[in-house]
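*Asks:* This is the structure I have questions about; it appears just below.
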Amino acid sequence: MNDEKIDLSVLDPSRDEERWERLVESVASRAWSARRRRLTVGNQLTAWARPGLAIAAAVAIAVWAGALTSAEKRAAATGSQAEPAFVLAGWAVSDQVPETSKILEVLGGSNGSD
Amino acid sequence: MPAADTAALVVRAQRGDRAAFDALVRAHLRTAYSVALGVVGRPADAEDVAQDAMVIALERIDTCRDPARFPGWLVQIVRNQSKNWLDRRRLRDVPADQNPTEQADHTSWPDVAGEKGRLLQALGRLSPVARQVVLLHDLEGWTHAEVASSLGISEVMSRQHLFLARRELRSQLDGQAVVGGSP
């Protein structure tokens, strides 16, 4: 008994052929428009992808170069500040007694006077 | 429609063939409607959900990786759309002082007169999965393999759902003298 199909044809919306056809056309038309809009947006994204990447790469290079220059400057500055310490340490190790003018010259450099 | 024909239409649609769009809608909108009806209950609502799901499916047709399995892919979209629609209805229908999660089933089965009304009322007594199985099998003519694959259940479960659904429907329809009997 349960092997027989239940007749559900009364629920079939396509029985009203004219109405169903209008519905099909309406849905197909909506879907087509939505698809075209989506493709248009996709094309826009594709078109802007290369210039966008180029700009991003240029900005990245500029930032990297700036960071590199800044690091070099920092290293140079650090080097000039470390120099007096080395000189003083060298004098201490070697038991040298430098002239006052030399000491002032070296310490003056550490104050950023040069 | 044979899977090969569907696959060919899907490939044409992916390439932007408008006629293929029309053919896919013509061939599969009723399936979308049947699945939506199985979930949301009201024929008018099912029609809206089926239309929206069809538009979404065709808009994203290039994401359908296996064109031969377009019907199953569409069913998944319809089911998701139907669930979203039920969630929206649940939020809309629940009074402000009531927690929406307390409402178990917002699928409503309308009082439609005549044979259609009797069938809808009888379908309303089935579980959502059983409704979808019986609609896809007995209205759309799908095989159990197709139904099982689309609904994510085993073929055995599909057969079992169909057996029980038919028995329940026959029992309801045979014993229902008055249109729109209480659920």
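*Asks:* Output the number of the condition that B:Gln132 fails; it satisfies all remaining conditions of (1) modelled with pLDDT of 90 or more; (2) within 14 Å of chain A (Cβ to nearest Cβ); (3) part of a loop (DSSP other than H, G, I, E, B).
*Replies:* The single condition B:Gln132 does not satisfy is (3).
*Asks:* When the residues of the range B:8-40 are filtered to those that are within 12 Å of B:Pro67 (Cα to Cα) and within 9 Å of chain A (Cβ to nearest Cβ), which remaining residue is modelled with the lowest pLDDT?
*Replies:* So the residue we want is B:Ala13.
Let's see how each residue does on (1) at pLDDT below 95; (2) under 13 Å from the mean Cα position of the chain (by Cα); (3) farther than 17 Å from A:Lys5 by Cα:
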{"residue": "B:Glu140", "(1), (2), (3)": "yes, yes, no"}
{"residue": "B:Ser149", "(1), (2), (3)": "yes, no, yes"}
{"residue": "B:Gly152", "(1), (2), (3)": "yes, no, yes"}
{"residue": "B:Leu164", "(1), (2), (3)": "yes, no, no"}
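*Asks:* OK, next. Kindly list the number of the only condition in (1) modelled with pLDDT under 80; (2) farther than 30 Å from B:Ile56 by Cα; (3) exposed (fewer than 11 other Cβ atoms within 10 Å of the Cβ) that fails for A:Asn43.
*Replies:* (2)
*Asks:* Please verify whether B:Pro95 is modelled with pLDDT of 90 or more and either loosely packed, with under 15 Cβ neighbours inside 10 Å or out of contact with any Cys (no Cβ under 6 Å at 6 or more places or on another chain) (or both), treating the condition exactly as stated.
*Replies:* In short, no.
*Asks:* Restricting the search to the range B:40-50, which residues are in contact with a Leu (Cβ under 7 Å, 6 or more places away or on another chain) and either touching a residue at least 60 places away in the same chain (Cβ under 8 Å) or open to solvent by 10 Å² or more (accessible area, probe 1.4 Å) (or both)?
*Replies:* Result: B:Val40, B:Pro43.
The values are calculated or read from the model by the stated rules, or taken from the named source; none is laboratory data. These numbers were taken from a predicted model, which means no experiment stands behind them. For neighbour counting, all protein chains shown are included, and Cβ atoms are generated from backbone atoms with ideal geometry for every residue, glycine included. Heads up: the accessible areas ignore ligands, DNA and RNA and are worked out on the full protein's heavy atoms, side chains in. Shrake-Rupley method; radii C 1.70, N 1.55, O 1.52, S 1.80 Å.
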